[in-house]
Amino acid sequence: MRLVFAGTPEVAVPALDALIASERHEVVAVVTRPDAPAGRGRRLVASPVAERAEEAGIEVLKPNRPRDEEFLARLREIGPDCCPVVAYGALLPKVALDIPARGWVNLHFSLLPAWRGAAPVQHAILAGDEITGASTFLIEEGLDSGPVFGTVTEEVRPTDTSGDLLTRLAFAGSGLLAATMDGIEDSTLQAVPQPADGVSLAPKLTVEDAQVDWAAPALRVDRVVRGCTPAPGAWTVFRGERLKLVAARPLPGAGLAPGDLAVGKNHVYVGTGSHAVELLWVQPQGKKPMRAADWARGVRIAPGERLGAADVR
């Protein structure tokens, strides 16, 4: 089939690579989000998908909105058979959905109908799921509600961050998406409607969602830190400033009051609503990530100081 691939971030690149490598299909163009400001100089930078497509000599389309008439006209000229999608980042209007003869097929990083929305991997970790996966489905106008072509499963490991899990799913899902294109081409694969039961939503996490509540149990604190890493980044307050929590682990049996600190030469413990957690890596404002014990020595924590108190400056 002639394919137009839609995707934007690094997590979409493995799927693009799998389709470029396919002997059965041709990626004739890529649709991605416009160049965005990045870095200290805030210069415009192309998306990872755009960069990979340009390396491969593939036409890149960067519409401000996928309903722009210039983009729609070009898509009609190209005449794709199917449009595979991975984390494109914009809603597709019906006028665009109707162009490819075999529709737009999305690779979504959950076992649908669980975790429909922008942050399925983060919510799977926050909820304590032991198994998650990826699904390919035919895009319709509803939110991740279209019929499913196929799935792969993936274990959620006890120490997984959302970044760790998403990386594994990106590579497992790339094979699933390529296989889905094969099945659509030779008509051996039929999409099955999602069940009405088991629907859960995974909206994008905000900075407020990522603030650690030290009164919560240690298990919840651990999930927030892992689920919000690398983005939006779990955080707490120390001396009126945000302190990013990069890595932590529960310490069963160790008890401290919520937010209270116990600092040793090589450790930093924090109390929660149950047992304590050990901070492993933190990132103060304006600095690079560092070991929590090094941070504690540098700031010289006084007796009675704690995390999570006072307003953020």
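Test Val11 against the stated conditions and say whether it is touching a residue at least 12 places away in the same chain (Cβ under 8 Å), in a strand (DSSP E or B) and β-branched (Val, Ile, Thr). First the steps, then the outcome.
Working: touching a residue at least 12 places away in the same chain (Cβ under 8 Å): yes; in a strand (DSSP E or B): no; β-branched (Val, Ile, Thr): yes.
Answer is no for this residue.
Of the residues making up segment 203-240, those that are modelled with pLDDT under 95 and either under 14 Å from Ser274 (Cβ atoms) or open to solvent by less than 20 Å² (accessible area, probe 1.4 Å) (or both) number 1. On inspection, Glu154 qualifies as at pLDDT 95 or above, open to solvent by 30 Å² or more (accessible area, probe 1.4 Å) and acidic (Asp, Glu). In segment 42-55, the count of residues that are farther than 23 Å from Asp182 by Cβ and in contact with a helix residue (DSSP H, G or I) (Cβ under 8 Å, 6 or more places away or on another chain) is one or more. Of everything in segment 105-131 that's of a type in the set (A, V, I, L, M, F, W, C) and under 23 Å from Ile184 (Cβ atoms), which residue is most open to solvent (accessible area, probe 1.4 Å)? Restricting to residues being of a type in the set (A, V, I, L, M, F, W, C) and under 23 Å from Ile184 (Cβ atoms), the top hit is Leu111. Of all residues in segment 241-282, exactly one satisfies the criterion of being open to solvent by 20 Å² or more (accessible area, probe 1.4 Å), over 11 Å from Ala296 (Cα atoms) and among the β-branched types (Val, Ile, Thr), namely Val246. Mind listing just one residue for me: the one in segment 289-313 that is among the β-branched types (Val, Ile, Thr) and part of a loop (DSSP other than H, G, I, E, B) and, of those, farthest from the chain's Cα centre (by Cα)? Per the criteria, the residue is Ile301. Contact map, segment 152-174: residues that are closer than 17 Å to Val85 by Cα paired with residues that are in a helix (DSSP H, G or I) and among the small types (Gly, Ala, Ser), Cβ distance under 8 Å, separation 6+ or inter-chain. Pairs shown: Val152/Ala172; Val152/Gly173; Val152/Gly175; Ala170/Ala12; Ala170/Ala15; Gly173/Ala15; Ser174/Ala15; Ser174/Ala18.
Among the residues of segment 132-147, just one is open to solvent by 30 Å² or more (accessible area, probe 1.4 Å), acidic (Asp, Glu) and touching a Lys or Arg at 6+ places or on another chain (Cβ under 8 Å), namely Glu141. Scanning segment 132-151 for residues that are farther than 24 Å from Ser187 by Cβ and touching a Gly at 6+ places or on another chain (Cβ under 9 Å) gives Gly133, Leu143, Asp144.
For segment 14-36, a residue qualifies if it is open to solvent by less than 10 Å² (accessible area, probe 1.4 Å) and part of a strand (DSSP E or B), and the qualifying residues are Ala29, Val30, Val31. Applying the criterion of being hydrophobic (A, V, I, L, M, F, W, C) and touching a Pro at 6+ places or on another chain (Cβ under 8 Å) to the residues of segment 27-64, the residue that is modelled with the lowest pLDDT is Leu44.
May I ask you to verify whether Gly183 is in contact with a Phe, Trp or Tyr (Cβ under 8 Å, 6 or more places away or on another chain) and in a loop (DSSP other than H, G, I, E, B)? Break it down stepwise before answering.
Details: in contact with a Phe, Trp or Tyr (Cβ under 8 Å, 6 or more places away or on another chain): yes; in a loop (DSSP other than H, G, I, E, B): no.
No: the conditions fail for Gly183.
If you check Leu176 against the conditions, is it in contact with a strand residue (DSSP E or B) (Cβ under 8 Å, 6 or more places away or on another chain) and assigned to a loop (DSSP other than H, G, I, E, B)? The answer is no for Leu176.
The values are calculated or read from the model by the stated rules, or taken from the named source; none is laboratory data. On a predicted model such as this, the values are computed, not experimentally measured, just so you know. Here the Cβ is made from the backbone with ideal geometry for all residues, glycine too, and neighbour counts use every protein chain on show. What goes into the accessible areas is simple: the full protein's heavy atoms, side chains included, and nothing from ligands, DNA or RNA. Shrake-Rupley method; radii C 1.70, N 1.55, O 1.52, S 1.80 Å.
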